[in-house]
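Below is one structure, written out as structure tokens; comments come after it.
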Amino acid sequence: MFLLTLALAAGAGAGVSRSSIVTDENDIEFGNPMWFVYTRVSCVLVLFAGFMSGLTLWLMSLGLVELEILHRSGSNREEKQAGGGLCG
């Protein structure tokens, strides 16, 4: 909704009126506490997805030799983690 407000403010000089932008009766107005809740939840989910993507890239970048080294000579925690990545 904030983007809609920005678009209206930017387009005010260009002849864009509020009636020319499609809105839904279920839209949450900017400034409503639920708008901030939805915004925060959306940001957290996007950051979590980025974090998981980074972990996936890190895990896929490890070769079998590195996993085998961690499995044989790492700490107990590293051995368990590497053992799960070796699948066997």
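Residue 19 meets each of the listed conditions (1) of a type in the set (Gly, Ala, Ser); (2) loosely packed, with under 10 Cβ neighbours inside 10 Å; (3) at pLDDT 85 or above apart from (3).
Contact annotation: no residue pair with Cβ atoms under 8 Å, 6 or more positions apart or on different chains, pairs a residue in segment 33-57 that is exposed (fewer than 10 other Cβ atoms within 10 Å of the Cβ) with a partner that is among the β-branched types (Val, Ile, Thr) and part of a helix (DSSP H, G or I). Listed here are the helices (runs of 4 or more DSSP H) enclosed by segment 33-88 that have at least 3 residues being modelled with pLDDT of 75 or more: 33-61, 64-73.
The values are calculated or read from the model by the stated rules, or taken from the named source; none is laboratory data. Small disclaimer: the values here were computed from a predicted structure and weren't measured. Please note: Cβ atoms are built from the backbone with ideal geometry, for glycine as well, and neighbour counts cover all protein chains shown.
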